[in-house]
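Written below as structure tokens is the structure these notes are about.
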Amino acid sequence: MLFNTFSFTFIFLPIVLAVCFTLKKLKKNSIYYCFLILSSLFFYSFLFPPYIFLIITSILFNFYLAKILIKLYQPTKRLILFLIAIALNLSLLIYYKYFNFLIENLNFIFSLKIKENEIILPLAISFFTFQQIAFITSVYKNEIKEFKIIKYFLFISFFPQLIAGPIVKFKEFYPQISG
């Protein structure tokens, strides 16, 4: 679903706004956050539903890595975990965006016949990957010491900024969803 479509402008957005307004007015914050996450995941998966598992897995993976990183006190172990987190996030991005490009070039340069994969580029993979890298970096720098899964999930999946950015820091987003 794109922002300029009829279904977004006249169906999805009005329903989301009405439900969110009602839940905030009733002070049902947990339900409000869950509804926004589900709405964001619906929005994300609208064009190609199988990739909903990719974003959910990526969010959960980074959430738990960040939680482990917070609990580590030894600088060497923290650095190693941080570098592993960055490498795994970038490898996901490289696979989806550049795998076939690399295969094409290897085939051309070395006259190989490696088969390319049929990869459909996941919507917003760059945005949510770099946003999570920024989050992991903030955790590593001790700028973030505590966070809950529901707010982290909303931070990464939030539909208004998911496909068009900008990449924001958790400390900028968190105050807007707190309270």
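So the values come out like this:
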| read-out | value |
| --- | --- |
| Inter-probe distance in nm under a simple model that places probes 7 Å from Cα toward Cβ, at Glu172 and Thr22 | 3.3 nm |
| Carbon/sulfur fraction of accessible area - the chain, other protein chains in place, 1.4 Å, % | 71 percent |
| Inter-probe distance in nm under a simple model that places probes 7 Å from Cα toward Cβ, at Ala134 and Tyr98 | 2.1 nm |
| Sites Leu60 and Ser126 - FRET efficiency at Förster radius 22 Å, r taken between beta-carbons, to 0.05 | 0.70 |
| Solvent-free Debye scattering, log10 I(q)/I(0), computed from the Cα coordinates of the chain at q = 0.12 Å⁻¹ | -0.66 |
| Spatial separation of Cα centroids for segment 9-24 and segment 46-113, in angstrom | 34 Å |
| Prolate/oblate/rounded label for segment 1-65 (Cα gyration tensor, a/c 1.5) | oblate |
| Added length on full extension, which subtracts the Cα-Cα distance from 0.36 nm per residue, Glu118 to Lys141 | 4.4 nm |
| Full-extension gain in nm, Cys34 to Ala164, via 0.36 nm per residue minus C-alpha separation | 44.6 nm |
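The values are calculated or read from the model by the stated rules, or taken from the named source; none is laboratory data. Bear in mind that the values here come from a model prediction, so they are computed numbers and not experimental data. With ideal geometry, Cβ positions are generated from the backbone for all residues, glycine too; neighbour counts draw on all protein chains shown. Accessible surface is based on the protein model in full, side chains and every heavy atom, while ligands, DNA and RNA are left aside. Shrake-Rupley method; radii C 1.70, N 1.55, O 1.52, S 1.80 Å.
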